[in-house]
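Asks: Let me give you the structure first, and then I'll get to my questions.
The values are calculated or read from the model by the stated rules, or taken from the named source; none is laboratory data. Being a predicted model, the structure only gives us computed values, none of them experimental. Because the Cβ atoms are built from the backbone with ideal geometry, glycine has one as well, and the counts that use them run over all protein chains shown.
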Amino acid sequence: MKSLITALAFSAALICAAPSFAQSVRPFDLAQLSPEVRTAVEQARDAQRRALMAAARANGGGAGLIRFEGTAGDDYAGECSPCGGAATQRSGYGVLSWDDGEFYAGAHGPGGDGGAKHGYGVYVFANEGIYEGQFNADDFEGYGVFWNVDGTVRYQGRLVDGQPAQ
């Protein structure tokens, strides 16, 4: 019970952090982004907030929520549909993390092995770089920005199949 209370308190603190868990210490400046990318980043940060709330709710259980440890060093806490059994899919908002420290907080949709990153979200890499933007079937797809750890932009714009659009 104590670990559940600690996890919920930690999750609540993260949700209240401004503007993004990934950048709660020093928010990256959106003024340097194009209008399309800025809009995508704002949507991604909102999806991240929703994912953190869903993960906190999943700690307490409930309909439409799940918390599981995968077989490839991955963990998930958040919304699902369907929930339970071998057909369980990440669907809705949640947090997906890996043993190496990488994590994704955002929207999930059906597909892949138990669901896919789909919609808006924030992906934090093990090297501490960050991507904020759109995803499609587990790929970086749509508008987004790759940040260096110091807050400088590595790339901003539209992505197709995980690569800068031509």
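Asks: Only one of Gly114, Gly94, Gly121 is touching a strand residue (DSSP E or B) at 6+ places or on another chain (Cβ under 8 Å), of a type in the set (Gly, Ala, Ser) and part of a loop (DSSP other than H, G, I, E, B); which?
Replies: Selected residue: Gly114, the only one of Gly114, Gly94, Gly121 that is touching a strand residue (DSSP E or B) at 6+ places or on another chain (Cβ under 8 Å), of a type in the set (Gly, Ala, Ser) and part of a loop (DSSP other than H, G, I, E, B).
Asks: Say we look at the stretch 17-56 and pick out the residues that are closer than 16 Å to Asn148 by Cα and polar (S, T, N, Q); which of these is modelled with the highest pLDDT?
Replies: Out of the qualifying residues, it is Gln32.
Asks: Asp139 passes all but one of (1) under 18 Å from Asp74 (Cβ atoms); (2) touching a residue at least 24 places away in the same chain (Cβ under 8 Å); which number fails?
Replies: (2)
Asks: Could you check, for the stretch 142-161, whether at least one of its residues is of a type in the set (Val, Ile, Thr), free of Cβ contacts under 8 Å to residues at least 60 places away in the same chain, surrounded by fewer than 19 Cβ atoms within 10 Å (Cβ to Cβ) and in a strand (DSSP E or B)?
Replies: Yes, that holds for at least one residue.
Asks: Look through Ala126, Ala105 and report the one residue that is modelled with pLDDT under 95 and either in a strand (DSSP E or B) or farther than 19 Å from Leu52 by Cβ (or both).
Replies: So the residue among Ala126, Ala105 that is modelled with pLDDT under 95 and either in a strand (DSSP E or B) or farther than 19 Å from Leu52 by Cβ (or both) is Ala126.
Asks: Looking at the stretch 65-108, which of its residues are loosely packed, with under 14 Cβ neighbours inside 10 Å, within 20 Å of Glu132 (Cα to Cα) and small (Gly, Ala, Ser)?
Replies: Across the stretch 65-108, the qualifying residue is only Gly101.
Asks: Being touching a residue at least 24 places away in the same chain (Cβ under 8 Å), closer than 25 Å to Thr39 by Cα and assigned to a loop (DSSP other than H, G, I, E, B), is that true of even one residue in the stretch 72-89?
Replies: No - not one qualifying residue is present in the stretch 72-89.
Asks: Another question about this same structure. Any residue at all in the stretch 115-128 that is among the aromatic types (Phe, Trp, Tyr) and in contact with a helix residue (DSSP H, G or I) (Cβ under 7 Å, 6 or more places away or on another chain)?
Replies: Yes, the conditions are met somewhere in the stretch 115-128.
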